[in-house]
Protein chains: 2
Amino acid sequence: MPADALSSALLPAGLHDVLPSEAAHEAAAVERLLAEFAAQGYRRVDPPLVEFEENLLSGPGAAMSKQTFRLMDPHSQRMMAVRADITPQIARIATTRLKNEARPLRLCYAGQVLRVKGSQLRPERQFTQVGVELIGALEAEADAEVVLLAVQALTAIGVPHLSVDLCVPTMVSRICAGLGLGEDEIRQLRAALDRKDSAAVAAVGGTAASLLETLMSASGPAERAMQALAALPLPEGAEKDRRRLTDTLALLRAAMPNLTVTIDLVEHRGFEYQTGLSFTLFSRAAGELGQGGRYRAGAQGEDRGEPATGFTLYMDTLLRAVPAAKAPGRVYVPHGSGWETARRLRADGWVTVAGLAPVTDAAAEARRLHCGHWLAGGDVKPVG
Amino acid sequence: MPADALSSALLPAGLHDVLPSEAAHEAAAVERLLAEFAAQGYRRVDPPLVEFEENLLSGPGAAMSKQTFRLMDPHSQRMMAVRADITPQIARIATTRLKNEARPLRLCYAGQVLRVKGSQLRPERQFTQVGVELIGALEAEADAEVVLLAVQALTAIGVPHLSVDLCVPTMVSRICAGLGLGEDEIRQLRAALDRKDSAAVAAVGGTAASLLETLMSASGPAERAMQALAALPLPEGAEKDRRRLTDTLALLRAAMPNLTVTIDLVEHRGFEYQTGLSFTLFSRAAGELGQGGRYRAGAQGEDRGEPATGFTLYMDTLLRAVPAAKAPGRVYVPHGSGWETARRLRADGWVTVAGLAPVTDAAAEARRLHCGHWLAGGDVKPVG
């Protein structure tokens, strides 16, 4: 077996070693994202890798049950679970240990999550998850803040051609319910909308069909979508969603007039636990970079727990969209040059690679050790 | 149950949430340590949290077998193990995926490890492990490099009153074997030395007893210990260890004349897998900060695998020795101040905390949100 096939066979499917240049690239990006979050008052928390199963998988965590590894805790004799998502942990911290902290509470995190299975699209079973949660605020200003923060942070690490797709995953159900449709009909309509199947939507007939067809065809550039939506007679519950979209879009436009914003009026897949305004972040080059939106922290259901919003970034996709920073120059410091010499080079921004033994051709040794430069009689010279 | 007891009961023993100020403190320290490692040519790698049990727990990893959680991999139907130590993973990467990279190979890492049980001294079951490995170098210069790198990095993050205790955990066995003692006698002597029990050592009698008593009493400040050691007639195997101590100490003195160095000539506990010069890092205030030393990467036994050295830092102890950096000032930016205003404040180094709704007393709101300042008519004012 060739070396690379052998070594990849050493690891379970979907798990991999992140090797030097890639690991530095990821660490630098995570560091910068967290710095951007911190600059807007989001404070870092680090929940543990494992928790009691019954806590980690209750409430919003339940969605990940099948994707979660279990461990027996020999100490308590209770089952523990390895986190497959950090968001429920942050919600737990906010509503328990930090429940007496002033609201809105701004928290951020970065850490590893582990999943039982990869998907066809994303075979990895271990991810770096990075995100923020804004807890205890109902205002559209909160929705706008997290979208703007995500855009700001992604721009700071160099993601080009960024766009935001807004949606309200609960709106279609509210419209249908407002028009008196039953649960089965709503389910059928949702499936038809997911397939973007106008014929099936039309077949349901009545007011709902024409409303939903308009929603489906109006999805796209934000202002056009909002114009179409404004002209529709919406049932009361959905009217609230429309107002939130309008207000949030206005806040986004005021802050970042040139941001590419689209609105999908029928989207709900991947937002099963969102309860209001949600969004997906895209880069033209790399695809989906992350998503976020409203949920209830600390309990399930629309009227329980605390109002919250936030987002999660997918570091694997994201790194494909971000150019790696130029690595600082490496200089080979021959054996016997002395600690102080190397220290001064580092103070000047060089990476120093010390020779551990004398060599006859220092330039060749520098090249062998991937150094672009070497120290020759006190001067840094290119290896040529 | 009071809130805090309730919330700590939410987590299994030995696992905890790292809350805001502590999490930022740790992240900043880890970041700085890795920057110091990188500046000396150590490149970061990130192995996965879990691997196949048979790989993770073979060779040097075997020591952690009882401390390691297992998981069944539904994909391969094979047992996986959650890492309890990152060092064996780095050795695996060096000797498989990076086996064709030029030697010496300098790698560093930071990540979470999970253990089945905490100890009485250290009840935590999840740690942040940070360290370096220098692979493929036999020279004393390599031993000195990792000690100096550890000291440099710890000094950079502000650890005061640092000291290094050198030892050669294999020396006592080599001396005893060189003097023809049997395995049982060596074990008894080791136990006596561990208890610093001179009487029991003396009871063994003969040349060994007097040699070992001298070693035990000479342990302490480096130069004094080396002087005592120099006067001893050592068997051949131990002579090599003495030379390595002498050479390494000279290199340390040349680089950092004022470093506090002690030598323990009979230490071996905690160094079961070390095969040569080893060391422990101490701070007067916080105790043991980390340890390192020589081992064989990629296989067990003194003559197999590649020569390697490195160290691991214990972030929990370490953080107790390091003052937290002063957090940047937080300024409350009242509702409606505008994105651009807040952006300019951040560019000036402020953390901005946005008001999501109008308030009547902005200074009071700033105080409530832990901001020392607020933005009043374009000016940053202290909340008073």
Notebook entry, point to check: Of these, A:PHE279, A:PHE311, A:PHE271, which one is crowded, with 19+ Cβ neighbours inside 10 Å and in a loop (DSSP other than H, G, I, E, B)?
Noted result: A:PHE271
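Residue by residue, here is whether (1) at pLDDT 95 or above; (2) more than 27 Å from B:VAL113 (Cβ to Cβ) holds:
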residue: B:GLU139; (1), (2): yes, yes
residue: B:LEU149; (1), (2): yes, no
residue: B:VAL164; (1), (2): yes, no
residue: B:PRO169; (1), (2): no, no
Margin query: Give all pairs with beta carbons closer than 8 Å in which a residue from the stretch B:99-114 that is without any contact (Cβ under 8 Å) to a residue 40 or more places away in the chain and facing chain A (nearest Cβ under 8 Å) meets a residue that is of a type in the set (Asp, Glu) and assigned to a strand (DSSP E or B); count only pairs at least 6 apart in sequence or on separate chains.
Written below: none
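Which one of these is in contact (Cβ under 8 Å) with a residue 40 or more places away in the chain, under 28 Å from A:GLU22 (Cα atoms) and of a type in the set (Val, Ile, Thr): B:VAL50, B:VAL30, B:VAL18? It would help to see each step written out before you state the result.
Working: B:VAL50 fails: in contact (Cβ under 8 Å) with a residue 40 or more places away in the chain; B:VAL18 fails: in contact (Cβ under 8 Å) with a residue 40 or more places away in the chain.
Going through B:VAL50, B:VAL30, B:VAL18 in turn, just one is in contact (Cβ under 8 Å) with a residue 40 or more places away in the chain, under 28 Å from A:GLU22 (Cα atoms) and of a type in the set (Val, Ile, Thr): B:VAL30.
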Note to self: Quick check on this structure: which one of B:LEU265, B:LEU245, B:LEU232 is assigned to a loop (DSSP other than H, G, I, E, B), touching a residue at least 24 places away in the same chain (Cβ under 8 Å) and either within 14 Å of chain A (Cβ to nearest Cβ) or of a type outside the set (Phe, Trp, Tyr) (or both)?
What the structure shows: B:LEU265
Note to self: If A:LYS66 meets every condition in (1) modelled with pLDDT of 90 or more; (2) within 20 Å of the chain's Cα centre (by Cα); (3) surrounded by fewer than 18 Cβ atoms within 10 Å (Cβ to Cβ) apart from one, which number is that one?
What the structure shows: (2)
Item checked: Among residues of the stretch A:145-186, those that are without any contact (Cβ under 8 Å) to a residue 40 or more places away in the chain and assigned to a loop (DSSP other than H, G, I, E, B), counted -> 3
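If you take the residues in the stretch A:14-53 that are of a type in the set (Val, Ile, Thr) and outside any strand (DSSP E or B), which one is farthest from the other protein chains (Cβ to nearest Cβ)? Outline the logic, then answer.
Taking the stretch A:14-53 and keeping what is of a type in the set (Val, Ile, Thr), we get A:18, A:30, A:45, A:50.
Checking the rest, the ones that are also outside any strand (DSSP E or B) come to A:30, A:45.
On the way: A:VAL30: 10, A:VAL45: 5 Å.
It comes out as A:VAL30.
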Notebook entry, point to check: Can you tell me which of A:ALA91, A:ALA84 is surrounded by 22 or more Cβ atoms within 10 Å (Cβ to Cβ), within 26 Å of B:MET72 (Cα to Cα), more than 7 Å from every other protein chain (Cβ to nearest Cβ) and touching a strand residue (DSSP E or B) at 6+ places or on another chain (Cβ under 6 Å)?
Noted result: A:ALA84
Next item on the list: Name the one entry in B:GLN77, B:GLN40 that is touching a Ser or Thr at 6+ places or on another chain (Cβ under 8 Å), among the polar types (S, T, N, Q) and either over 19 Å from B:GLY111 (Cα atoms) or surrounded by 19 or more Cβ atoms within 10 Å (Cβ to Cβ) (or both).
Entry: B:GLN40
Margin query: Could you go through the stretch A:333-349 and let me know if any residue there is in contact with a Phe, Trp or Tyr (Cβ under 8 Å, 6 or more places away or on another chain) and facing another protein chain (nearest Cβ under 9 Å).
Written below: no
Margin query: Which residue is farthest from the other protein chains (Cβ to nearest Cβ), if the candidates are limited to the stretch A:54-63 and must be under 18 Å from the mean Cα position of the chain (by Cα) and surrounded by 19 or more Cβ atoms within 10 Å (Cβ to Cβ)?
Written below: A:PRO60
Next item on the list: Tell me, please, whether a residue that is under 24 Å from A:ASP316 (Cα atoms) and not in a loop (DSSP other than H, G, I, E, B) can be found in the stretch A:76-86.
Entry: yes
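Working carefully through the options B:THR309, B:THR360, find the one that is among the polar types (S, T, N, Q) and either within 14 Å of another protein chain (Cβ to nearest Cβ) or in contact with a strand residue (DSSP E or B) (Cβ under 6 Å, 6 or more places away or on another chain) (or both). Quick ask: steps written out before the conclusion?
Details: B:THR360 fails: either within 14 Å of another protein chain (Cβ to nearest Cβ) or in contact with a strand residue (DSSP E or B) (Cβ under 6 Å, 6 or more places away or on another chain) (or both).
Testing whether each residue is among the polar types (S, T, N, Q) and either within 14 Å of another protein chain (Cβ to nearest Cβ) or in contact with a strand residue (DSSP E or B) (Cβ under 6 Å, 6 or more places away or on another chain) (or both) leaves just B:THR309.
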Next item on the list: Please tell me if B:LEU33 is buried (at least 23 other Cβ atoms within 10 Å of the Cβ) and at pLDDT 95 or above.
Entry: yes
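The values are calculated or read from the model by the stated rules, or taken from the named source; none is laboratory data. Predicted, not measured: the structure shown is a model, and the values here were computed from it. Neighbour counts are summed over all protein chains in view; Cβ atoms, including those assigned to glycine, are modelled from backbone coordinates with ideal geometry.
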